[in-house]
Amino acid sequence: MALDPTDVGKIAELARLEISEPELTSYVHSLTQILDLVGQMNAVDTAGISPMAHPSDSPLRLRQDIVTEQDRRQSFQEIAPATESGLYLVPKVIE
Amino acid sequence: MHRKTIVELQAALEAGQISSVELTQAFLDRIDHHQDLNAFITITAEAALEQARASDDRRDHEAPRPLEGIPIAHKDIFCTQGLITSCGSRMLANFVSPYDATVIQHFKAAGAIILGKTNMDEFAMGSSNETSFYGPVKNPWANQAVPGGSSGGSAAAVAAQLAPAATGTDTGGSIRQPAALCGITGLKPTYGRVSRYGMVAFASSLDQAGPMTHTAADAALLLNIMAGFDPKDSTSVDKPVPDYTATLNDGLKGLRVGLPKEYFGDGLAADVAQAIDASVETLKKLGANIVDISLPNSTLAVPCYYVLAPAEASSNLSRFDGVRYGYRAADYDDLNDMYRKTRSQGFGEEVKRRIMIGAYTLSAGYYDAYYLKAQQLRRLIADDFHTAFGQCDVILGPTTPTTAFDLGAKTDDPVSMYLNDIYTIPANLAGLPGMSIPAGLGEDGRPIGLQLIGNAFEEARLLNVAHQYQQATDHHKQTPEGY
């Protein structure tokens, strides 16, 4: 499965990555190589095999719906790039 | 003192031959002296000595805790309150964790001292420690060689005796492969045995933490501390933890050791094959019976893994957006541009590559061909192990196809780098415990690792076999020249 620069540009956009022109060429090459490697999976017929998402097939645990965590807003926000009045600041998204 | 095992250090502390402060200082001096290895990202000298003083005081009037006063290094993937937890990435280079990972809490409660945080491949994505934002780690056995990865700093630190033990994590071989390449003992437990809480996530259905030590006996001691149910990890398994040291001395008579033919085929270097054959002979002398087995689908474990792990990574790493913690780009036009610039500048080349592979295989139109197919193959690989454990008690093979390769040898060819994990990845996919122990030196004088894989939750048996092997051999006592 060969990718072209347009494909890689699209993937980068999906992943919110900005890829420069020289990087693009190298990624087209290495991603194509990896998809070739991955393509070896087709050597095995897996029709009817139930997919395994997880090593422990048991269902996820449930717990009581009660508050167990303390409020640590301040210590969490101390490490944020930008906060104000307990809120995380990002560039304006609504005009 | 630095040549002693933890079991020996405990005895020396107990007998009053040395204090924790003296011991901690001795290792800090060694870390400082061997900074050229680049094994550490953060060295916590002052805090370590303070913890050691508190431990010595405590020992005077209270019964010692299981690892009282023993200094240990932690892979920089474990969140440690008040310390930088970088995960080897520029993205987290400024991240001071506001909490401790469960593994770290366990070590603190057991009385262990934190020497520092060890270098690693960025977000644990690599097999050579060369993807670290902090630069590669050197292998103490040959400074031009890689230490393996992703827990390369931990492996090099233990091999060079900068720490008596270290923690690591293993998603596709990241404990076992560097343990093999640096000539130490490393154990990846069963998925769910050790809590993942506070361990920066790479591929959540594969990640597992474990000990990296000189001996199996030390690994048992550390696993006793690390293992256990944790309600904070949704995939933690609520199963009693045995005393892993209790069965170390059991005999191996009648033990069925399975040799998978797929682990001895093309691509395995002759010197590695020879060392593994010699190990098989040693186990036979100890009373083990050898059984030929087959893991037919394990040959496709690497392709399967390179769909599943990047898919999970692309999802896990979407949290790094420059909003709540970590790196944020300096200049941007709008919110989307902030995301793009933050992630492009914060992540290194290999991490971006894996995120893109994951984004691609999960995208509309490709999901069935890649992700679903890989999950089906994962089932077949796990079923192979299930069949094999009907015929044998442990599986034995090489940890890696070759000894440590040179720095830079595989950096331009990601696929050849990925293939280094061909023997370690199957156990991750199946969620099974695996160990690497030293099995001698190759023609180039670099260490060879012997891998043992056990059935789910049979860590005690792996440790028993490894310990008996280490009683009969001295490969684990070899140290690199100059250390």
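Details
- Which of A:F76, B:F202 is most accessible, then next, and so on - probe 1.4 Å: A:F76, B:F202
- If you sort B:L463, A:L62 by accessible surface, 1.4 Å probe, largest first, the order is A:L62, B:L463.
- DSSP beta bridges confined to segment B:342-483 are antiparallel in about 100 percent of cases.
- In this label model, B:A364 and B:A246 are separated by 5.7 nm, measuring between points 7 Å along each Cα→Cβ vector.
- Rolling a 1.4 Å probe over the protein heavy atoms leaves B:T402 with an accessible area of roughly 50 Å².
- When B:K188, B:K341, B:K253 are compared by accessible area of protein heavy atoms, the largest-first order is B:K253, B:K341, B:K188, using a 1.4 Å probe.
- Area of A:S50 that stays accessible when all protein chains are in place (1.4 Å probe, Å², to 10): 60
- Full-stretch length increase - A:Q70, A:L89 - with 0.36 nm per residue and alpha-carbon distance subtracted: 4.5 nm
- DSSP bridge pairs, chain B: antiparallel proportion in percent, nearest 5: 70
- Expected-Rg normalisation [2.2 N^0.38 Å, Cα atoms] applied to chain B: 0.92
- Ellipsoid fit via the Cα gyration tensor, segment B:1-101: semi-axes of 27, 17, 11 Å, each the root of five times an eigenvalue, largest first.
- Given charges at beta-carbon only (K, R positive; D, E negative), |dipole| of segment B:137-254 in Debye: 220
- Charge dipole magnitude, Cβ of K and R +1, D and E -1 - chain B, Cα centre, debye nearest 20: 620
- For the protein assembly as shown, the ratio of Cα radius of gyration to the globular rule of thumb 2.2 N^0.38 Å stands at 0.93.
- Considering only the protein assembly as shown, percent of DSSP beta bridges that pair antiparallel, nearest 5: 70
- Partner lysines for A:K92 [C-alpha distance under 19 Å; skip if fewer than 8 residues away on the same chain]: B:K341
- The Cα-based radius of gyration of segment B:37-154, divided by its Kirkwood radius, gives an Rg/Rh of 1.03.
- In Å, descending, principal axis extents of the Cα set of segment B:200-323: 59, 39, 24
- A straight Cα-to-Cα reach below 13 Å connects B:K188 with the aspartates and glutamates B:D170, B:D207, B:E458, B:E459, residues fewer than 8 places away in its own chain not being considered.
- Farthest positive-ward along segment B:301-373 dipole, Cα basis, beta-carbon charges - from B:I355, B:L317, B:Y305: B:Y305
- With Cα atoms defining each centre, segment B:232-283 and segment B:406-483 are spaced 10 Å apart in the structure.
- Computed magnitude of the charge dipole of the protein assembly as shown (debye, nearest 20; Cβ of K, R +1, Cβ of D, E -1): 860
- Note on segment B:301-373: Cα-Cα pairs beyond 17 Å make up 48% of the total pair count.
The values are calculated or read from the model by the stated rules, or taken from the named source; none is laboratory data. The shown structure was predicted, so the numbers you read here are calculated from the model rather than taken from an experiment. For neighbour counting, all protein chains shown are included, and Cβ atoms are generated from backbone atoms with ideal geometry for every residue, glycine included. Note: accessible area is taken over every heavy atom of the protein model, side chains too, but ligands, DNA and RNA are not part of it. Shrake-Rupley method; radii C 1.70, N 1.55, O 1.52, S 1.80 Å.
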